[in-house]
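> The structure under discussion is supplied below as C-alpha cells; questions concerning it will follow.
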Amino acid sequence: MSTPKTEVPAVSADVLARIKAVVGDAGYSEDPARVDPKLTEWRGKWKGHTPLLVMPKSTEEVAAVVKICFEAGVAITPQGGNTGLVGGQIPFGEILLSLERMKAVRDVAPTDDTMVLETGLSLLDAQQIAEKAGRYFPLSLAAEGTATVGGVISTNAGGTAVLRYGVTRDLVSGLEVVLPNGEIFHGLKRLRKDNTGYDLKQLFIGAEGTLGIITAASLKLFPIMNSRATAIVAFETAQKAIDLLVRAKQETGGQVEAFELMGRYGLSLVLKHIPDTREPLEGEYPWFALIAGASGDPDGAQAAMERVLGAAFEEELIVDGVIAQNETQAAEFWRLREDHSAAEKAEGAAWKHDVSVPLSRMADYIEEGDMAVQAFLPGARLVAFGHVGDGNVHFNVIVPEGMDAAEFNALRDEGAKVVHDLVHKYEGSISAEHGLGRMKTQEALQYKDPVAVEAMRAVRLALDPKRIMNPHVLF
C-alpha cells in the first residue's frame, strides 16, 4: 500500500465536536471496525486515515458539516461505495464524508422519463427503481451492487451500455450539490432543454468530489426493450472484431448496446480463478467479443443478431460463435467479461491502465502496446479487454511469472509511461472512465493541454478557494 507525500493539518477537537452535534450519534463513527473498511481502496493500493467518519442523513446536514469545515479550513473527502479504482475516495487526514445514509427516492416520473434519487443509493437500486416504474436505467457496471449514484456521477462512470446510451454525463438531467462553502446548488431539473446559460451540472459530473458534494440527482429513463440477445463470438484478430462492430451497428440500426472485447489470456484467467465458469466455445481462439443487443420488437433482437452473425460467418469475420438461448446463459457470458478484474487480482500483481483511443485505431494500439510492454519488461503478461464499442480498453499488465511483486510494482510508473505515451501518440486518453484520483493526477499533467489544465484550476479556485474538497485529487 502507498501513502501520499503530503498530509492535511490535524482537525481540532472543537471542529469535531461541532460536526458531531450536527449529525447526531447515528451520523458519525470513530470505531475502527466501522471506519477501517472505508480507508482501503479495492485494489489495496492505498490505506488512508481520518479523524472522523461522518454520515449525514440529509442535504441540510451535509451543508452544515461542509460549512463548518469551510470556515475552519478543514478538508473533506467524499465517498460513495468505495469502488473507485484510482484512490480518489480515500482520505489521508481529511474528514471522511459518506453519503451512505442518503437513500431516499424523491420522485419517479415515467411521463417525464426521469427519477430523482439521493446519491447514497446503489447503482443496482437505481436500476430496480426504474424497472418498477416501467422504465430502463441503462448505466451498468461490475460493481453496481456497491457503487453509488453519487460515486458514478462524480467519476462520470462509463459501464457496459455506453455504446447506445452514453456515459453517466449523458444520463443526468439535474443535480443537487452542496458547494465547498456550504451553500446548496438547487439544480434538480427534469428538463431535456434549458438554454439559459452555462450548464452548471456538467461541472460536477466527473469532478471527483473536488467542486462539491452531490446529494441528489435527476436521472434520465428510457423504454424497456421487448427483446434482448447476447452472443459470444471468436476472431483471429482484434481488427476483425472492430470490423464486426462497425457492421453490427449499421445493420441493426443502432440496436447494439454492448460490445466487449476479450483476449484469450484474460479469458483463461477467468476460467482459472472464478468458480463455475466454462469455455464459451469449443476452440481456444485469440480474441472474443461479447455482443448484446436490444429491440422494441419482441423478436427483433434475436433476429438481428442471427442475421449479423450469419453474414459475418460467410465473410470470415468470425470463426465461431454462439447466441445465448436464455437469460441464465446470457448471465454466464457476462460473468466471463465482468470477472476479469477479480481474476487478475487472484493471479498476482498488475499495472492497471484504463485508456481510450479512437475506435479506428484500437487494434493497432493493442498490437503496438503489447510489443512496447514486452520490450520494456520481457515476460509481462498482457490482459486487454473492455468496452471497445466506445473506444475504451483496459490495458492491464500482470507480473511476469517468477518475478517478485515488489520489484514489479517498483516499475509501475515507468511501465505506465510506456503505455500512456503510446495512448498520447494515438490521440487517446489515459483515463477513459475511472478518473484521475490520486493515481493519475500528476501523470495527467504530462498529457493534458496546458490551457485546459489552467481553466480547470480557475474553476476550482472560484468554487473552492480554500481547496478543502478532496484536496489531493486533480491539478
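The values are calculated or read from the model by the stated rules, or taken from the named source; none is laboratory data. Predicted model, so just to flag it, every value in this text is computed and none were measured. In this analysis, Cβ positions are derived from the backbone assuming ideal geometry, glycine residues included, and neighbour counts consider all displayed protein chains. The accessibility values were calculated without ligands, DNA or RNA, using every heavy atom of the protein model including side chains. Shrake-Rupley method; radii C 1.70, N 1.55, O 1.52, S 1.80 Å.
> Would you mind computing, in nm to one decimal, how far apart the modelled labels at Leu445 and Arg247 are, each placed 7 Å from Cα along Cα→Cβ?
Those two pseudo-labels are separated by 4.8 nm.
> What is the spin-label model distance, in nm, from Glu414 to Val105 if the labels are put 7 Å beyond Cα along the C-beta direction?
Label-label distance for Glu414 and Val105, simple model: 5.5 nm.
> Where does the longest stretch of the chain lie that holds no trypsin sites (Lys or Arg not before Pro) found in a DSSP loop with 10 or fewer other Cβ atoms within 10 Å?
The longest such stretch corresponds to 279-475.
> Suppose accessible area is computed on protein heavy atoms with a 1.4 Å probe; arrange Thr148, Thr83 from highest to lowest.
Working: Thr148 15, Thr83 45 Å².
Reading off the accessible areas and sorting them downward yields Thr83, Thr148.
> When DSSP assigns beta bridges and you keep just the ones with both residues in segment 53-171, what percent turn out antiparallel, to the nearest 5?
That works out to approximately 45 percent antiparallel.
> Work out from phi, with θ = phi - 60° and the Karplus expression 6.51 cos²θ - 1.76 cosθ + 1.60, the ³J(HN,Hα) of each residue of segment 246-255, listed in order in whole Hz, and give x for Gly and Pro.
Result, ordered by residue: 4, 5, 4, 4, 5, 6, 9, x, x, 6 Hz.
> Please report the spacing between the Cα centers of segment 1-70 and segment 187-216 in Å, no decimals.
Taking the Cα centre of each part, segment 1-70 and segment 187-216 sit 25 Å apart.
> Quick check: from the Cα gyration tensor, does segment 319-475 come out rounded (a/c under 1.5), prolate or oblate?
The shape class here is prolate.
> In addition: For segment 356-475, with all protein chains present and a 1.4 Å probe, just round the carbon and sulfur fraction of the accessible area to a whole percent.
55 percent
> Starting from segment 360-406, pick out the GluC sites (Glu not before Pro) whose DSSP state is loop and whose Cβ has at most 11 other Cβ atoms within 10 Å.
Loop-located and lightly packed - Glu401.
> Can you tell me the dipole magnitude for the chain around its Cα centre, using point charges on the Cβ only (Lys, Arg +1; Asp, Glu -1), in Debye to the nearest 20?
1460 debye
> Would you please give the residues with an amide H less than 5 Å from that of Ala216, counting only those at least 5 places away or on a separate chain, with H modeled from the backbone geometry?
Amide H neighbours of Ala216, under 5 Å, 5+ apart: Thr119, Glu176.
> Expressed in nm to one decimal, what extension gain is obtained for the pair Glu284 and Glu236 from 0.36 nm per residue of sequence separation less their Cα-Cα distance? Walk me through the intermediate numbers first.
On the way: separation 48, 0.36 × 48 = 17.28 nm, distance 1.04 nm.
Between Glu284 and Glu236, full extension yields an extra 16.2 nm.
> Could you work out how far helix 59-72 tilts from the main Cα principal axis of the chain, as a 0 to 90 degree angle to the nearest 10?
With rounding to tens, the tilt is 60 degrees.
> Can you pull out the GluC sites (Glu not before Pro) in segment 275-345 that DSSP calls coil and that have at most 12 other Cβ atoms within 10 Å?
Hits after loop and neighbour filter: Glu282, Glu284, Glu315, Glu316.
> Follow-up question, since we're still on this one. With all protein chains present and a 1.4 Å probe, how do His394, His273 order by accessible area, largest first?
The ordering from most to least exposed comes out as His273, His394.
> With a point put 7 Å past each Cα toward its Cβ, work out how far Glu306 is from Ser12 in nm, to one decimal.
7.4 nm
> Okay, moving on. When Lys and Arg each count +1 and Asp and Glu each count -1, what net charge do the other residues less than 12 Å away from Thr160, Cβ to Cβ, add up to?
Numbers: positive: Arg164, Arg337; negative: Glu144, Glu257, Glu260, Glu338, Asp390, Glu433.
With Lys, Arg at +1 and Asp, Glu at -1, the net is -4.
> Output ³J(HN,Hα) for segment 387-404: one whole-Hz value per residue in order, computed from phi by the Karplus curve 6.51 cos²θ - 1.76 cosθ + 1.60 with θ = phi - 60°, and x for Gly and Pro.
Values, residue by residue: 7, 5, x, 10, x, 9, 9, 8, 9, 9, 10, 9, 3, x, 4, x, 8, 5 Hz.
> Pull out a ≥ b ≥ c, the square roots of the eigenvalues of the alpha-carbon gyration tensor of segment 399-465, then state rounded if a/c is under 1.5, prolate if not and a/b is larger than b/c, and oblate in the remaining case. If you can, show how the numbers build up before the last one.
Values: a/c = 3.33, a/b = 1.98, b/c = 1.68.
The shape class here is prolate.
> Provide the percentage of antiparallel DSSP beta bridges, counting only those with both residues in the chain; round to the nearest 5.
Given both bridge residues lie in the chain, the antiparallel proportion sits at roughly 85 percent.
> Okay, moving on. Quick one: if the Förster radius is 35 Å, what FRET efficiency do Ala33 and Asp112 give, using the C-beta to C-beta distance and rounding to 0.05?
Approximately 0.20, to the nearest 0.05.
> Moving to a separate point now. Rolling a 1.4 angstrom probe over the protein heavy atoms, how many square angstrom per residue are accessible across the chain?
42 Å²
> At a probe size of 1.4 Å, how large is the accessible area of Ser227, to the nearest 10 Å²?
10 Å²
> I've got another one for you. Rank Trp287, Trp351 by accessible area, highest first, at a 1.4 Å probe radius? Let's see the in-between values first.
Working: Trp287 45, Trp351 5 Å².
From most exposed to least exposed: Trp287, Trp351.
> Taking the Cα atoms of segment 1-160, report the difference between the largest and smallest coordinate on each principal axis, in whole Å and largest first.
Result for segment 1-160: principal-axis Cα extents of 50, 34, 26 Å.
> Continuing with this model, one more query. In whole Hz, with x marking every Gly and Pro, tabulate ³J(HN,Hα) for segment 405-421 from phi via Karplus 6.51 cos²θ - 1.76 cosθ + 1.60, θ = phi - 60°.
Computed from phi, the couplings for segment 405-421 are 4, 5, 4, 5, 5, 5, 8, 4, 5, 5, x, 4, 5, 4, 5, 6, 4 Hz.
> Something else: What 222 nm value per residue comes from the helices of the chain, counting each DSSP H run with n ≥ 4 as -39,500 (n - 2.57) and dividing by all residues, nearest 500 deg cm²/dmol?
After summing the helix terms and dividing by the residues of the chain, the value is -10500 deg cm²/dmol.
> May I ask for the angle, rounded to the nearest 10°, between helix 264-273 and the longest principal axis of the chain, with both axes built from Cα atoms and the value confined to 0 to 90°?
Relative to the chain, helix 264-273 is tipped by roughly 70 degrees.
> What shape does segment 209-356 have by the C-alpha gyration tensor, where a ≥ b ≥ c are the square roots of the eigenvalues, rounded means a/c under 1.5, and otherwise prolate means a/b greater than b/c and oblate the rest?
Values: a/c = 1.67, a/b = 1.06, b/c = 1.57.
Taking the square roots of the gyration eigenvalues as a ≥ b ≥ c, segment 209-356 is oblate.
> With unit charges on the beta carbon (Lys/Arg positive, Asp/Glu negative), name the residue among Ala330, Val66, Val383 whose Cα is farthest towards the positive pole of the charge dipole of the chain.
Val66
> Between the helical axis of 362-376 and the dominant principal axis of the chain, each derived from Cα atoms, what acute angle in degrees is found, rounded to the nearest 10?
The answer is roughly 80 degrees.
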